[in-house]
1. How many percent of the accessible area of the chain is carbon or sulfur, using a 1.4 Å probe?
2. Mind giving me the FRET efficiency for Lys41 and Lys114? R0 is 45 Å, r the Cβ-Cβ distance, nearest 0.05 is fine.
3. How big is the dipole moment of the chain about its Cα centre under a simple scheme where the beta carbon of each Lys and Arg is +1, that of each Asp and Glu is -1, and everything else is neutral? Debye, nearest 20, please.
4. Considering only Ala200, Ala176, Ala282, whose Cα is most displaced toward the positive end of the charge dipole of the range 164-285, charges sitting on Cβ of Lys, Arg (+1) and Asp, Glu (-1)?
5. Would you tally the net charge around Arg32, using a Cβ to Cβ cut-off of less than 12 Å, leaving Arg32 out, and scoring K and R as +1, D and E as -1?
6. Across the chain, where is the longest run that never hits trypsin sites (Lys or Arg not before Pro) in a DSSP loop with at most 12 other C-beta atoms within 10 Å?
7. Quick one: compute a quarter of the convex hull surface over the Cα atoms of the range 69-198 and quote it in nm².
8. If you fit an axis through the alpha-carbon atoms of helix 194-206 and take the longest principal axis of the Cα set of the chain, what angle between them do you get, 0 to 90°, nearest 10?
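The values are calculated or read from the model by the stated rules, or taken from the named source; none is laboratory data. Nothing here was measured: the structure is a model prediction, and the numbers come from that model. When we count neighbours, we look across all protein chains shown, and the Cβ atoms used for this are built from the backbone with ideal geometry, even at glycine. The protein model used for the area step is the full one, side chains on, heavy atoms only, and it has no ligands, DNA or RNA in it. Shrake-Rupley method; radii C 1.70, N 1.55, O 1.52, S 1.80 Å.
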Amino acid sequence: MKPSRDKRRDRHDDRTPQRPSEPASPPRVLRRREGALPAEKLPLILEVLPNADYALIDSGNGEKLERYGPYLIVRPEGQAIWQKSLPAKNWEQVDAMFTGDTDEEGMGRWRFPKAALGETWPMLHDGISYHGRFTSFRHVGVFPEQASHWEHMAKLIEGAKRPVKVLNLFGYTGLASLVAARAGAEVTHVDASKKAIGWARENQLLAGLGDKPIRWICEDAMKFAEREERRGSQYDIILFDPPAYGRGPKGEVWQLFEHLPALTDICRSILTPKPLAVVLTAYSIRASFFAIHALMRDTFAGMGGRIESGELIIREESAGRALSTSLFSRWVAQ
């Protein structure tokens with residue numbers, strides 16, 4: 001799905017223009033699953049600590065100061081409602097700053113206080129090379145708080161000791177797909193944006209993983225999942241990271257609270273007989289993680305395993321405060 005351009009609400013908004021709409025699929029008829037509810041673990045707080053590849057240096061007054069590889073970057077952060085810890089000079093000696101000013105197309109601008117920088121720069125995540133990007137929607141092509149999920153997924157793949165198939169819906173620029181492929185999985189990566197798919201392919205080559213089995217699919221996530229269900233396709237691990245609101249490449253409309261139950265139900269139906277995990281992350285929604293926790297637990301009734309839900313946070317380097325970035329809920333087989 002292609003998210004709206006409301007920078008306060010959406011995360012994946014580096015998307016292609018909307019095309020004329022086509023007839024929507026009939027609504028999925030949902031029925032409550034029978035069987036015992038999975039065990040539960042909550043709240044689970046997954047945190048990312050400062051490291052050589054990335055660090056949240058400081059935050060406050062609606063902004064965050066981050067280090068991505070060699071660059072210091074300032075971006076808006078609505079959740080940082082406290083005061084900054086470091087003095088102003090630390091915030092001024094940066095390489096890039098998202099100003100919020102817009103051009104004639106309504107796109108946000110970056111300011112480069114030291115020297116003009118190109119659109120991309122080389123980055124690393126746990127030894128995987130990729131390109132950071134200065135996008136017009138303040139994003140930089142990677143969401144470092146997801147590293148906790150990536151590490152968990154890699155351990156599941158490596159520990160399975162068998163072939164593992166991973167489906168990455170709303171896959172954006174592909175770091176999760178590259179982590180999964182490096183761990184030994186066969187990956188299907190789906191995103192509605194041709195631009196994002198192009199970036200992801202570039203990252204695969206940059207990472208030296210061009211020989212790994214990754215299918216890059218530019219399509220509406222819901223339609224792809226529905227088609228995989230009809231085909232009888234199955235996956236061992238499914239990641240889905242939908243926007244609060246979006247439009248697909250053919251005008252398909254996505255509303256998180258309206259469509260998430262059906263997509264979650266489909267994800268269950270396309271799991272293999274011995275699945276490993278299903279991971280849902282939700283950004284910029286007005287809800288508690290208890291809401292998506294209850295949805296996941298209900299959907300996976302009768303499957304056994306455990307539902308783990310909570311928040312993804314980034315631990316600040318300067319004062320040690322925690323910046324919450326998103327809600328998550330994941331079903332794990334054990």
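1. Roughly 51 percent of what the probe reaches on the chain is carbon or sulfur.
2. 0.50
3. 660 debye
4. Ala200
5. Around Arg32, the charge tally is 0.
6. 162-285
7. Projected area, direction-averaged: 10.0 nm².
8. 80 degrees
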